[in-house]
Amino acid sequence: MFTYQKQDKLKSRKQTQHLFSKGQSIHAFPIKLIYNLEASPFIANPDSLDQLGILQAGVGAPSRIFRKAVQRNRVKRLLREAYRLAKPNFIEQLSLGSKRLNLFFLYTDALVLTQSEIQAKVNEVLTALVKKIK
């Protein structure tokens, strides 16, 4: 239920490049969500979002803002944890059908918020995405 496994991670370089070139974004400072909704013809059962990798997400923190890798890794860990906790509620509200959704969370501020504040911002961004998709 509250998992973030390998099939949930956006790892394909091709999909990531497509996401950054053609994707749309939603911004709730300091988190920017870049998303791409596309048709996926190879889906047999649209109800099982987790097993098929229809919903994949990635996280990032720019090295221009966070010079040290320790800082970048901490921010990415906080973002992953916030997404992991918000994912079940997000999937429950979302109905993709036979579409594929790629997400990428970017942290854009130099000041790192607390875990609870980041969770609130991730929830805010995901609810805005649900409203935009519906």
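Within the listed set 87, 99, 76, the Gaussian network model of the chain (springs between alpha-carbon atoms below 10 Å) gives the highest mean-square fluctuation for 99.
Expressed as a whole percentage, what fraction of the accessible surface of the chain belongs to carbon and sulfur atoms when a 1.4 Å probe is rolled over the protein heavy atoms? The computed percentage sits at 50. Each Cα pair under 8 Å and six or more residues apart adds its sequence gap; the mean of these over the residue count of the chain is a relative contact order of 37 percent.
Think of a 1.4 Å ball rolled over the protein heavy atoms: the chain then has 59 Å² of accessible area per residue. Name the residue farthest towards the positive end of the dipole of the chain from the options 35, 129, 108, assuming +1 on Cβ of Lys and Arg, -1 on Cβ of Asp and Glu, about the Cα centre. Selected residue: 108.
The values are calculated or read from the model by the stated rules, or taken from the named source; none is laboratory data. Computed from a predicted structure; not experimentally measured. Please note: Cβ atoms are built from the backbone with ideal geometry, for glycine as well, and neighbour counts cover all protein chains shown. To get the accessible areas, we keep the full protein, side chains included, count just its heavy atoms, and leave off ligands, DNA and RNA. Shrake-Rupley method; radii C 1.70, N 1.55, O 1.52, S 1.80 Å.
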